[in-house]
1. So for region 113-126 (the condition being in the same structural domain as Leu15 (by TED's automatic domain parsing) and touching a Ser or Thr at 6+ places or on another chain (Cβ under 6 Å)), does at least one residue qualify?
2. Checking the conditions here, which among Val222, Val205, Val177, Val157 is closer than 18 Å to Gly248 by Cα, touching a residue at least 12 places away in the same chain (Cβ under 8 Å) and either among the β-branched types (Val, Ile, Thr) or in contact with a Leu (Cβ under 6 Å, 6 or more places away or on another chain) (or both)?
3. So, in region 66-89, exactly how many residues are without any contact (Cβ under 8 Å) to a residue 60 or more places away in the chain and not in a helix (DSSP H, G or I)?
4. Has region 294-301 got any residue that is among the hydrophobic types (A, V, I, L, M, F, W, C), assigned to a loop (DSSP other than H, G, I, E, B) and either at pLDDT 95 or above or farther than 20 Å from Pro37 by Cα (or both)?
5. Restricting the search to region 237-267, which residues are without any contact (Cβ under 8 Å) to a residue 24 or more places away in the chain and of a type in the set (Ser, Thr, Tyr)?
6. Considering Ala167, Ala174, which residue is in a helix (DSSP H, G or I) and at pLDDT 95 or above?
7. Looking at Pro219, Pro239, which one is assigned by TED's automatic domain parsing to the domain that holds Gly160 and modelled with pLDDT under 95?
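The values are calculated or read from the model by the stated rules, or taken from the named source; none is laboratory data. Keep in mind the model is a prediction, meaning the values are calculated, not measured. Virtual Cβ from ideal backbone geometry, glycine too; neighbours counted across all protein chains shown.
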Amino acid sequence: MKVKSMSQTRYTKTLIIGSGPAGYTAAVYASRAMLAPILVQGIEPGGQLTTTTEVENWPGDTEVQGPDLMSRMEAHAGAMGTEVISDIILDIDLHKRPFTAKGDSGTVYSADSVILATGARAKWLGLPSEQRFKGFGVSACATCDGFFYRGEELVIVGGGNTAVEEALFLTNFASKVTLIHRRDELRAEKILQDRLFKNPKIETVWFHEVLEILGTDTPLGVEATRLKNVKTGEITDVPCKGVFIAIGHAPASELVNNVLETHNGGYVKVEAGTTRTSIPGVFAAGDLTDHVYRQAVTSAAMGCMAALDAEKFLAGNN
């Protein structure tokens with residue numbers, strides 16, 4: 001059951017922050033352990049998978065729709081007894097137990113253990129023109145916005161799995177997709193690269209970086225992407241109506257950056273083979289900790305581990 005939080009103080013044995021595969025799986029196992037967890041969904045209920053149309057190779061499903069999968073996981077957590085709350089944690093105090101977290105709703109959550117499952121979010125290029133056209137031709141989610149560009153020429157920036165997957169997805173709508181990459185080799189899995197290179201709608205531009213996104217003010221919209229050859233310095237403009245940024249993700253660790261030990265650019269560090277962080281009673285799971293695998297199934301597995309670790313911790317600290 002989803003409950004809209006009101007201004008109050010709530011106590012739970014286990015507070016779960018985040019609602020992706022890690023958070024909901026942690027909720028299922030924490031409920032099963034009779035910990036009566038509260039899960040606070042955060043700014044993006046369901047996490048990154050809610051902006052993904054097709055999730056491939058989720059165990060038991062050759063292919064499943066991301067929003068459908070997350071809806072089922074939320075329902076599963078609720079059916080097991082988790083209280084799912086629509087709120088955003090703005091601040092958390094992990095210096096003493098019980099830990100306390102303040103929600104945007106005004107609610108203060110008090111907990112004997114905390115499972116952090118806040119995931120990761122898209123990185124941006126950091127260009128002023130990118131910021132200017134964000135939402136008006138610039139996007140970090142092809143599955144969210146590709147539909148609006150039927151018959152148009154599009155640009156996608158990146159070289160990993162996400163960039164290739166989104167380039168392929170955009171061919172469902174676009175007349176042409178140009179993939180821009182700084183190197184001459186993609187980091188994406190071989191099977192995805194094969195699909196990309198065989199698709200007649202996709203052109204790959206190697207050794208180029210985006211200098212600027214060009215467009216109009218009235219109406220606000222993208223007209224072209226200005227590129228620079230990183231070897232020769234030559235400048236070229238690629239006509240397009242949309243630019244999709246797919247250069248990776250950064251961990252959503254702002255709540256705990258100065259409190260918990262982190263590494264590799266902000267990922268929360270956990271003890272090898274566990275989900276234990278540098279503070280006893282605080283556990284972390286999913287993309288928040290994982291800079292290597294970053295898969296829905298590994299996030300879910302870590303959510304299970306976090307709940308079991310929390311159960312063990314609470315049993316030893318009653």
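1. Looking through region 113-126, at least one residue is in the same structural domain as Leu15 (by TED's automatic domain parsing) and touching a Ser or Thr at 6+ places or on another chain (Cβ under 6 Å).
2. Val157
3. Summing the residues that are without any contact (Cβ under 8 Å) to a residue 60 or more places away in the chain and not in a helix (DSSP H, G or I) in region 66-89 gives 2.
4. no
5. Thr262
6. Ala167
7. Result of the check over Pro219, Pro239: Pro219.
So that you can scan it fast, the table gives a plain yes or no per residue for (1) under 20 Å from Ala307 (Cβ atoms); (2) modelled with pLDDT of 95 or more:
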site	(1), (2)
Ala33	yes, yes
Ile43	no, no
Gln65	no, no
His76	yes, yes
Glu83	yes, yes
Gly103	no, yes
Ala120	no, no
